[in-house]
1. Would you please list the contacts, defined by Cβ atoms under 7 Å and residues six or more apart or on different chains, that run from a residue in the stretch 291-306 that is under 16 Å from Leu256 (Cα atoms) to a residue that is part of a strand (DSSP E or B) and among the basic types (Lys, Arg)?
2. Within the stretch 187-208, track down each residue that is among the hydroxyl-bearing types (Ser, Thr, Tyr) and in a loop (DSSP other than H, G, I, E, B).
3. For the stretch 186-230, which residues satisfy the criterion of being among the polar types (S, T, N, Q) and surrounded by fewer than 20 Cβ atoms within 10 Å (Cβ to Cβ)?
4. Quick one: which of Thr290, Thr234 is assigned to a strand (DSSP E or B) and either in contact with a Pro (Cβ under 7 Å, 6 or more places away or on another chain) or modelled with pLDDT under 95 (or both)?
5. For the list (1) in contact with a Lys or Arg (Cβ under 8 Å, 6 or more places away or on another chain); (2) loosely packed, with under 14 Cβ neighbours inside 10 Å, I need the number of the one condition that Leu172 fails.
6. Answer with yes or no whether Gly156 is within 24 Å of Pro278 (Cβ to Cβ), out of contact with any Ser or Thr (no Cβ under 6 Å at 6 or more places or on another chain) and either surrounded by fewer than 14 Cβ atoms within 10 Å (Cβ to Cβ) or not acidic (Asp, Glu) (or both).
7. Do any strands (runs of 3 or more DSSP E) lying entirely in the stretch 122-186 carry at least 2 residues that are touching a helix residue (DSSP H, G or I) at 6+ places or on another chain (Cβ under 9 Å) and modelled with pLDDT of 95 or more, and which ones are they?
8. Looking at Ala59, is it closer than 30 Å to Ala200 by Cβ, modelled with pLDDT under 95 and not polar (S, T, N, Q)?
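The values are calculated or read from the model by the stated rules, or taken from the named source; none is laboratory data. Since the structure is predicted, the reported quantities are computational estimates derived from the model, not experimental observations. Note that we place each Cβ from the backbone using ideal geometry, even for glycine, and neighbour counts take in every protein chain shown.
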Amino acid sequence: MERIPYLGHTILKWQVGASSFLALPEKGARLMNWNVTLGDGSVRDIVYWPEVENLDAIASVRGGNPILFPFSGRSYDQGEIHHWRAPDGVRRPMPMHGLARQGRFRTTRLDEGGFSAQFMPDEAAKAAYPYDYEFVVSYRFDPRALFVELQLTNLGSQPMPWSAGHHFYFTLPWSPGRSRQDYLLETTATKQYQRDERGALVPFHRATARESLGNPNLIDLIHTGLRREVFAVTEVPTGNRLHFRSGMAHSPAGELAVVTWTQDEKSPYYCIEPWMGPPNAAETKVGLHTVAPGQTQKFYVEITLG
């Protein structure tokens, strides 16, 4: 593991076989970049990171893997965005994608295979999500894979709702001369949804479980009702693949979601986002999970180069 000065901070670099991983654990537990050196000596970026001038607003940087906690996507309360209503009936603020991606973390494990970091909520985060808890993000890096786990432990006396997730920015295209039409997304989803302006889930019928990433219908689309906890993206001309596996113990795959998004047709990235459930889970209850007092829940994602 190597420490590298970067924009006034020290980022960490892991070289694991042909793969290199860059991360800044204390700022949002952010994985920044994953790249792999190919057999011909060229380097392929897997997880995209842009050129930035500073890290003051790292939460808004379109790159790496922002951690979405306690809720993924936009939260609503009775049609009003950026709010949620807790089980106690109180309406509270909830920023888009939650609190962790802009939050401070404390590194609790750092070794040659990865790191773990614990969220340290500030006063605003405590007011938005007023529970006694421990939220830990853990990464393990392998030569051709990464494994990340989100772990929430309820230290209090009240049940805790959550529906966390990841916002992976993947470099696309992978190879020179390719376009989005050359990439196939395959899931086991049986339902697709869009979100309306009040946060409700609207069924969408113009996409299937096998779609080209060139299909504009995939942008900001929620894939759920998964039959299995696996999905993949394939570069069709070469057969190169990214294999995904996500899940939770004692929770059926059907409650999970995969969200597909990119900013526009010129963006050098495409986001494939494993979530614990669709957005606005606290209100719709779709994909909402509850941690009982004294209990722990974990959501894992494994991504492998094929």
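1. Glu302/Arg245
2. Those that are among the hydroxyl-bearing types (Ser, Thr, Tyr) and in a loop (DSSP other than H, G, I, E, B): Thr187, Thr188, Thr190, Thr208.
3. Result: Thr188, Thr190, Gln194, Thr208, Ser212, Asn215, Asn217.
4. Thr290
5. Checking Leu172 against (1) in contact with a Lys or Arg (Cβ under 8 Å, 6 or more places away or on another chain); (2) loosely packed, with under 14 Cβ neighbours inside 10 Å, the one that fails is (2).
6. On the way: within 24 Å of Pro278 (Cβ to Cβ): no; out of contact with any Ser or Thr (no Cβ under 6 Å at 6 or more places or on another chain): yes; either surrounded by fewer than 14 Cβ atoms within 10 Å (Cβ to Cβ) or not acidic (Asp, Glu) (or both): yes.
So Gly156 fails the test.
7. It comes to 160-162.
8. yes
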